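First the structure, in the form of structure tokens, and then the observations on it.
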Amino acid sequence: AQTVTQSQPEMSVQEAETVTLSCTYDTSESDYYLFWYKQPPSRQMILVIRQEAYKQQNATENRFSVNFQKAAKSFSLKISDSQLGDAAMYFCAYRLNNAGNMLTFGGGTRLMVKP
Amino acid sequence: EAGVTQFPSHSVIEKGQTVTLRCDPISGHDNLYWYRRVMGKEIKFLLHFVKESKQDESGMPNNRFLAERTGGTYSTLKVQPAELEDSGVYFCASSHQKGWADTQYFGPGTRLTVL
């Protein structure tokens with residue numbers, strides 16, 4: 001079965017510090033996309049960052065970057081200079097390129113940011 | 001541009017009753033998806049519409065769930081009769097096209113409580 005594991009149910013970080021959220025996944029496919037979604041307390045889930053599996057270069061979006069290790073099937077999210085607005089549930093997900101459009105999600109990590 | 005909207009935001013019903021959830025995708029998005037998160041577990045895929053056609057309904061749990069997308073615009077998800085285990089948050093997402101550009105935009109979700 002295809003699975004995504006987020007081993008940290010909760011994390012906390014001091015404002016302005018850096019935090020890394022872990023994600024591992026399990027698929028026998030080689031062509032897929034990886035995503036990190038953020039769901040703030042208001043519940044609207046938004047895309048934070050995405051990565052194509054065939055690209056070795058790690059994706060970066062402002063303060064958000066990923067460490068993609070394809071052989072290890074690891075896709076961690078690093079948030080630099082954490083801000084209060086970063087407090088949210090973070091979901092890691094992947095989508096296979098040749099098996100429909102469905103996203104397979106992990107269980108989520110709740111990130112708290114301390115002022 | 002308006003985002004994905006869902007109605008109602010909350011619904012509390014008795015076991016055995018019927019509930020209909022509605023999703024309005026982003027205008028022009030042919031792809032519409034339903035997901036749900038039950039009891040704090042992973043977000044699970046339910047089904048995928050392309051316009052008015054069901055492209056993939058492999059995640060629908062049983063025949064008590066009926067999804068429609070008449071006219072290829074908004075979609076409804078009816079649960080009849082509702083059971084206790086149907087409680088959770090039901091998310092709708094939409095996207096413009098398949099492939100790398102297929103970023104799924106999520107609605108705020110409908111929290112369903114079955115008593």
### Query
Does B:ALA82 satisfy the criteria of being touching a strand residue (DSSP E or B) at 6+ places or on another chain (Cβ under 9 Å) and part of a strand (DSSP E or B)?
no
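Based on what the data block shows, is A:TYR37 under 28 Å from B:SER9 (Cα atoms) and within 14 Å of chain B (Cβ to nearest Cβ)? Outline the logic, then answer.
On the way: under 28 Å from B:SER9 (Cα atoms): yes; within 14 Å of chain B (Cβ to nearest Cβ): yes.
Against the criterion (under 28 Å from B:SER9 (Cα atoms) and within 14 Å of chain B (Cβ to nearest Cβ)), A:TYR37 qualifies.
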### Of the criteria (1) farther than 25 Å from B:PHE91 by Cβ; (2) within 14 Å of chain B (Cβ to nearest Cβ), which one A:ASN101 fails
(1)
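Any chance you could count how many residues in segment B:35-66 are away from chain A (no Cβ under 14 Å) and not polar (S, T, N, Q)? First the steps, then the outcome.
Narrowing segment B:35-66 to residues away from chain A (no Cβ under 14 Å): B:52, B:61-66.
The next check asks that each one be not polar (S, T, N, Q); those that pass are B:52, B:61, B:64-66.
Residues flagged as away from chain A (no Cβ under 14 Å) and not polar (S, T, N, Q) within segment B:35-66 amount to 5.
Out of the residues in segment B:83-106 that are surrounded by fewer than 23 Cβ atoms within 10 Å (Cβ to Cβ) and small (Gly, Ala, Ser), which is nearest to B:LYS54 (Cα to Cα)? Before you say what the answer is, go through the steps one by one.
Filtering segment B:83-106 down to residues surrounded by fewer than 23 Cβ atoms within 10 Å (Cβ to Cβ) leaves B:83-89, B:95-103, B:105.
If we keep only those that are small (Gly, Ala, Ser) too, we end up with B:87-88, B:95, B:99, B:101.
Values: B:SER87: 24, B:GLY88: 23, B:SER95: 15, B:GLY99: 18, B:ALA101: 20 Å.
Out of the qualifying residues, it is B:SER95.
Where a number appears in this text, it was derived from the coordinates with a stated rule and is not lab data. Worth saying up front: this structure is predicted, and the values here are computed from it rather than measured. Here Cβ is always computed from backbone atoms with ideal geometry, including for glycine, and neighbour counts include all displayed protein chains.
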